[in-house]
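The values are calculated or read from the model by the stated rules, or taken from the named source; none is laboratory data. What you are looking at is a predicted structure, and each value in this text was computed from that prediction instead of being measured. All Cβ positions, glycine included, derive from the backbone under ideal geometry; neighbour counts span all protein chains shown. Accessible surface areas use protein heavy atoms only, side chains included; no ligands, DNA or RNA. Shrake-Rupley method; radii C 1.70, N 1.55, O 1.52, S 1.80 Å.
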Amino acid sequence: MPLRIYSTESGKVETFQPRTPGKVTMYICGPTVYDLIHIGHARSYVVFDVLRRWLEFSGYDVVHVQNFTDLEDSITKKAKGLGGPVSEVTERYTREYFLDAEHLNLKKATHYPNVSENIGRMIEVVEGLLDSDLAYERDGNVYLRTGSDDFGSLSHVDLSTTLVDDIQPDDRRENPFDFIIWRRAKKGEPSWSSPWSDGQPGWHTSCFVMSTNHLEEPFDIHGGGLDLIYPHHESVMLISKAHSKKRHCNYYVHNSFVTLGKEKMSKSKGNFVTVRELSEEYGGEAIRLYLLKHHYRTLLDYDEGEIREASEEIQEMGRRLERLRSHTYGSGSETDLSEKIDQERSRFEEAMNDDLDTPKALPILFGLIEWSDSELENLSKDDVVGILDAASQFSEVLGLFQTPVSD
Ligand SMILES: [Zn+2]
């Protein structure tokens, strides 16, 4: 049974068909490196890590690109506050990201591009768009025209009404939805010389270039949090249409938010809980389990009590797994559970293929461990080996029990 996954673009759960048989290419919008990541960010990285693990388990060769945004106002502000160069901030928080990623047991992406190392191609893309008259320059800023009918086809909103309040007033635009693909730098900001101004690429230009530097369009999956649908992914899609004359990607996949007191967790609002503080207190696997107990498309209101429970559950399951692994056999029993194990495998696969239903897949793994532990004295050695084999495959997919358990 193939994977079925929800496509933001079609608004439906679709059967996943990779562009090239046996291979999946995915680009995940990564962190802006100026602070520690919070649990809302972690949700996105864990979800796409599980998607990748599931695709690999299903036999695909996965190319996974995740960028670092190392050029942004918040980074410049932080560097100013600290009185050091921007690179000090970005290098430090890139390192901190990798430390958190290790605690969360995220697999390493195939490529980690960042913005500042790709400016040359970003300028070329802006030049190309200006040459084809799809973009225009005003006072050192370059804008992409958004007049086409299908702008809004990803976010499914009537841009003429719904989002107009979100648009920053900018008199220089022909249309309030036109967006910046190159902007003149303000004093004190990092800048690169270009034919239009000493400036910086726009955010959407950056992700367009970082994704297409590594992946041929249309690639398979573009992922990130729901808040990236508009304007970010919608705009990257339009840059691609204008520049490459191709579809940018085939499946847009978005995870829902983590809220705190019913408000979206966000650094800018100051209402967030970092992965660092939680992993120090409960361990990274507990955070991972907590996140995966909720389907990636449901809104998750943060509850520390649930992480505490997840931490206890991880330890308890880890101990049971250890007992299974270290069990020695006496006279041995004659059970044959291969049929039961096959059934559990099918149920697990069905749950994962059903739009990555981790809340359904987790109890299959935990139920198998619990049941086998309680029946251990009655099981044959072959059955325990079979159960451990299935449990370790499910755990690998979910990214759990990958580190030794301490009592
Ligand atoms: Zn992006």
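Can you spot a residue in the range 99-117 that is within 19 Å of Thr212 (Cα to Cα), in the same structural domain as Gly199 (by TED's automatic domain parsing), assigned to a helix (DSSP H, G or I) and open to solvent by less than 70 Å² (accessible area, probe 1.4 Å)?
Yes.
For Thr20, are the conditions met, namely being in contact with a Lys or Arg (Cβ under 9 Å, 6 or more places away or on another chain) and either within 16 Å of the ligand (Cβ to nearest atom) or polar (S, T, N, Q) (or both)? Working first, answer last.
On the way: in contact with a Lys or Arg (Cβ under 9 Å, 6 or more places away or on another chain): no; either within 16 Å of the ligand (Cβ to nearest atom) or polar (S, T, N, Q) (or both): yes.
For Thr20, the condition - in contact with a Lys or Arg (Cβ under 9 Å, 6 or more places away or on another chain) and either within 16 Å of the ligand (Cβ to nearest atom) or polar (S, T, N, Q) (or both) - is not met.
Cβ-Cβ below 7 Å, separation at least six or inter-chain, first residue in the range 212-237 and more than 19 Å from His64 (Cα to Cα) and touching a residue at least 60 places away in the same chain (Cβ under 8 Å), second of a type in the set (Phe, Trp, Tyr) and near the ligand (Cβ under 10 Å from one of its atoms): which pairs?
Within 7 Å, the pairs are His232/Trp203.
List the helices (runs of 4 or more DSSP H) that sit entirely inside the range 200-290 and contain at least 3 residues that are more than 16 Å from the ligand (Cβ to nearest atom) and more than 30 Å from Asn141 (Cβ to Cβ). I'd like the intermediate steps shown before the answer.
Working: elements: 203-214, 234-244, 275-282.
Counting at least 3 such residues, we get 275-282.
Looking for whichever is over 13 Å from the mean Cα position of the chain (by Cα) and within 16 Å of the ligand (Cβ to nearest atom) here; the options are Ile5, Ile28, Ile75, Ile37. Which one fits? Outline the logic, then answer.
Numbers: Ile5 fails: within 16 Å of the ligand (Cβ to nearest atom); Ile28 fails: over 13 Å from the mean Cα position of the chain (by Cα); Ile37 fails: over 13 Å from the mean Cα position of the chain (by Cα).
Matching residue, one of Ile5, Ile28, Ile75, Ile37: Ile75.
I'd like to check something: does the range 190-197 contain any residue that is within 16 Å of the ligand (Cβ to nearest atom), modelled with pLDDT of 95 or more and either acidic (Asp, Glu) or not in a loop (DSSP other than H, G, I, E, B) (or both)? If you could, list the steps in order and put the result at the bottom.
In the first step, residues of the range 190-197 are kept if they are within 16 Å of the ligand (Cβ to nearest atom); the result is none.
No, the range 190-197 contains no residue that is within 16 Å of the ligand (Cβ to nearest atom), modelled with pLDDT of 95 or more and either acidic (Asp, Glu) or not in a loop (DSSP other than H, G, I, E, B) (or both).
Those residues that are out of contact with any Cys (no Cβ under 8 Å at 6 or more places or on another chain) and surrounded by fewer than 20 Cβ atoms within 10 Å (Cβ to Cβ), I need them from the range 205-224; list them, please.
Correct list: Asn213, His214, Glu216.
Quick one: which of Lys80, Lys107 is among the charged types (D, E, K, R) and at pLDDT 95 or above?
On the way: Lys80 fails: at pLDDT 95 or above.
The conditions single out Lys107.
If I ask for residues that are assigned to a helix (DSSP H, G or I) and open to solvent by 10 Å² or more (accessible area, probe 1.4 Å), which ones from the range 45-77 would you list? Spell out how you get there, then give the answer.
Just the residues of the range 45-77 that are assigned to a helix (DSSP H, G or I), to begin with: 45-57, 73-77.
Once the filter is applied, which keeps residues that are assigned to a helix (DSSP H, G or I) and open to solvent by 10 Å² or more (accessible area, probe 1.4 Å), the range 45-77 yields Tyr45, Val47, Arg52, Arg53, Glu56, Phe57, Asp73, Ser74, Thr76, Lys77.
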